[in-house]
1. Tell me the residue from 255, 321 that is surrounded by 22 or more Cβ atoms within 10 Å (Cβ to Cβ), at pLDDT 95 or above, within 26 Å of residue 141 (Cα to Cα) and not hydroxyl-bearing (Ser, Thr, Tyr), please.
2. Residues 50, 17: which one is in contact with a Phe, Trp or Tyr (Cβ under 9 Å, 6 or more places away or on another chain), β-branched (Val, Ile, Thr), buried (at least 19 other Cβ atoms within 10 Å of the Cβ) and in a helix (DSSP H, G or I)?
3. Pairs, please: C-beta under 9 Å, at least 6 apart or cross-chain, first residue within 10 Å of residue 198 (Cα to Cα) and in region 224-242, second part of a strand (DSSP E or B) and of a type outside the set (S, T, N, Q)?
4. So which residues in region 402-423 are charged (D, E, K, R) and modelled with pLDDT of 95 or more, if there are any at all?
5. Quick check on region 266-280. Is at least one of its residues hydrophobic (A, V, I, L, M, F, W, C), modelled with pLDDT of 90 or more and touching a Ser or Thr at 6+ places or on another chain (Cβ under 8 Å)?
6. Which of (1) modelled with pLDDT under 85; (2) in a loop (DSSP other than H, G, I, E, B); (3) in contact with a helix residue (DSSP H, G or I) (Cβ under 7 Å, 6 or more places away or on another chain) does residue 173 not meet, given it meets every other one?
Amino acid sequence: MSTIKKDKGLDNTLKAIKQGYKYTENQRKRLDSNNIFETRGLGGKRIIFISGKEAAETFYDNDKIEREGMLPKRVVSTLFGKGAIHTTTGKVHIDRKALFMSLMTEGNLQYLRELTRNQWRSNTINMERQDTVNVYREAIVQLTHIGTRWAGVQAPAEEIDRIATDMDLMIDSFKGLGLSFKGFRESKAARRRVEDWLEDQIHKTRKGVIHPPEGTALYEFAHWEDFEGNPMDSRLCAIDLMNTFRPLIAINRFVTFGVLALHQYPETREKIKNDPDYAYMFSQEVRRYYPFVPFLPAKAKVDFEFEGHKIDKDVMILLDVYGTMHRDDVFDNPNEFYPERFKDWDGSPFDLIPQGGGDYHTNHRCAGEWMTIIIMEETMKYFAERITYDVPEQDLTVDLEKLPGSVASGMNITNVRENVNRK
């Protein structure tokens, strides 16, 4: 049995946070350990990092790995919500995951595509009137319109900016992982406001005061019963309802990266215009190439071996998400932006894992991943085909040592105009 190499230190949390998305790669190279190493973090806790496609397969083996209770409390309290589906396992997780997956109908997904396309197009005049459009901010507002409308939630137009700001605060709270985060209270307060608003709509739906269409998230969650025939607690229902559209709003990060890629790789704009399949390939490459989730936590359910190394029951395990997608034994030339790599991609659930891996129905892979791809396809088509704009001088750095990943400037564009062929 091989000994797991160690990143020595009593607590390397601060080191990991400072190195951000590069931490696992840095340690693997320094320790000359390809797929596994050990460290201490989160108060001196023993942590095993695993990386690569085989690591992802192991991480999503429900006989070996347990994920319940492993998300940091700060992330649960601000990003996912107390009792959210992300914190469950076993029968409870499968039962509630089935509710999420029931929304992924052909009709609902097609409606999302049309909604995304129409929302961006109708917002063109608004962007034309702005001296400078910050893509990061604009995307979070438009995606809030799209996400709440798709979910059947009643969001007054005058409240959208506030809701978008609250959602952004919750999502951005991830940057305080393991550190004293001055915005933690603001993030919790933002979550409380959104939960209150959604819980009120749950109550009104159950009482027949409002009538969301059948098949929407609000309708289905408000009327859902668990495997014992019990309705979901209204607060928990509000939390999981939010988790149907919160990930859609977080896509503003991918949108910002996508507009950056259109600028830095201008040939892709023409390819999107001329190849009906290219927006899909481009969107997948944006999700693979740019930083989103750095790693995901779990613990060993039993003693088991990984590539000749013993992993003890109950030890914490972190899957290297970003690093796995940037390994040359997983993707050819992984540090090149090359959308064509997805032309003949086999759809493996263990290599392209920006939002988690494994099976959609029984595992923790994000149920909204299909929705992410749809929104990205339509949004990238919009920016490539429907409008023209200038990119002024600004800081377009993507710092891999900062969590969460972002374009430093937020990606500013100016002189936005509808792209009309007037010949």
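1. Being surrounded by 22 or more Cβ atoms within 10 Å (Cβ to Cβ), at pLDDT 95 or above, within 26 Å of residue 141 (Cα to Cα) and not hydroxyl-bearing (Ser, Thr, Tyr) holds for just one of 255, 321, which is 255.
2. Unique residue meeting the criteria: 17.
3. Close Cβ pairs satisfying both conditions: 237/231.
4. Within region 402-423, 417, 418 meet the criteria.
5. No: region 266-280 contains no residue that is hydrophobic (A, V, I, L, M, F, W, C), modelled with pLDDT of 90 or more and touching a Ser or Thr at 6+ places or on another chain (Cβ under 8 Å).
6. (2)
Okay, residues lined up against (1) touching an Asp or Glu at 6+ places or on another chain (Cβ under 8 Å); (2) part of a helix (DSSP H, G or I); (3) on the phi < 0 side of the Ramachandran plot:
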position	(1), (2), (3)
205	no, yes, yes
210	no, no, yes
221	yes, yes, yes
244	no, yes, yes
255	no, yes, yes
258	no, yes, yes
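Matching residues to (1) under 24 Å from the mean Cα position of the chain (by Cα); (2) surrounded by fewer than 16 Cβ atoms within 10 Å (Cβ to Cβ); (3) at pLDDT 95 or above; (4) on the phi > 0 side of the Ramachandran plot:
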site	(1), (2), (3), (4)
116	yes, no, yes, no
119	yes, no, yes, no
125	no, yes, yes, no
128	no, yes, yes, no
132	no, yes, yes, no
138	yes, no, yes, no
146	yes, no, yes, no
157	no, yes, no, no
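The values are calculated or read from the model by the stated rules, or taken from the named source; none is laboratory data. Because the structure is predicted, anything quoted here is derived from the model rather than measured. As a convention, Cβ positions derive from the backbone with ideal geometry for all residues, glycine included, and neighbour counts pool all protein chains shown.
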